[in-house]
Amino acid sequence: MSNQVEETSPKKAKKDKQSEKEIALQHELETLQIELEESKDKYLRLFAEFDNFKKRSVKERFELMKTAAQETLTALLPVLDDFDRAKKSAESGNEAFSEGVQLVYQKLNSILEHKGLRSMESTGVDFDPEWHEAITDIPAPSEDMKGKVIDTVEKGYVLNDKIIRYAKVVVAK
């Protein structure tokens with residue numbers, strides 16, 4: 001009998017050691033699975049945050065490109081105004097408006113239009129403070145002209161549907 005006791009003890013001790021190892025391995029496995037889940041969660045959140053950042057950056061870049069030329073175009077507006085005045089002067093007087101100046105005017109105007117700039121038509125329309133800046137008002141020549149723009153002193157301009165300069169106008173009172 002003593003043989004049996006001696007045989008069971010080492011087997012039992014061996015089983016106890018295996019059982020302890022299995023428990024330790026099971027615990028380590030659970031710990032690693034929890035860490036893996038946390039890492040996956042962090043990864044997904046970081047990926048979503050980065051994706052949102054990319055979308056926001058693309059949108060901001062697109063908006064910047066749309067209005068990047070605004071400062072340059074605003075600086076060119078007085079040149080366009082001078083061309084308008086010279087053209088009016090030449091047309092009202094009997095002077096011939098040179099073809100070269102006419103071509104330069106058309107070229108400059110077409111380039112600016114291609115870049116998204118367009119002028120506002122103001123004369124004869126109802127005064128709208130969202131689009132016009134009233135410089136002065138004069139008595140209306142007729143009842144139906146009250147509240148309308150009589151004359152445009154300086155054209156207004158829109159760049160890609162954004163007003164970059166309001167039209168300076170004379171309004172009938």
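Derivation of every value follows stated rules applied to the coordinates shown; laboratory data play no part. All values derive from a computational prediction rather than experimental measurement. Every residue, glycine among them, receives a Cβ derived from its backbone with ideal geometry; neighbour counts consider all protein chains shown.
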Review point. Excluding same-chain residues fewer than 8 positions from K15, which lysines have a Cα within less than 25 Å of its Cα?
Key: none
Review point. Over region 24-156, how many percent of alpha carbon pairs lie in each 5 Å bin up to the one with the longest distance?
Key: 2, 8, 10, 10, 10, 10, 8, 7, 5, 4, 4, 4, 4, 3, 3, 3, 2, 2, 1, 0, 0
Study note, to complete from the structure: Of 152-160, 84-92, ordering from highest average Cβ density within 10 Å down gives 152-160, 84-92
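With the cut-off at 23 Å, tell me which of the pairs K66/K88; K88/K155; K148/K168; K55/K115; K66/K168; K115/K162 have Cα atoms farther apart than that. Provide the component values of the computation, followed by the final result.
Numbers: K66/K88 32 Å; K88/K155 14 Å; K148/K168 13 Å; K55/K115 25 Å; K66/K168 25 Å; K115/K162 13 Å.
Too far apart for the 23 Å limit: K66/K88; K55/K115; K66/K168.
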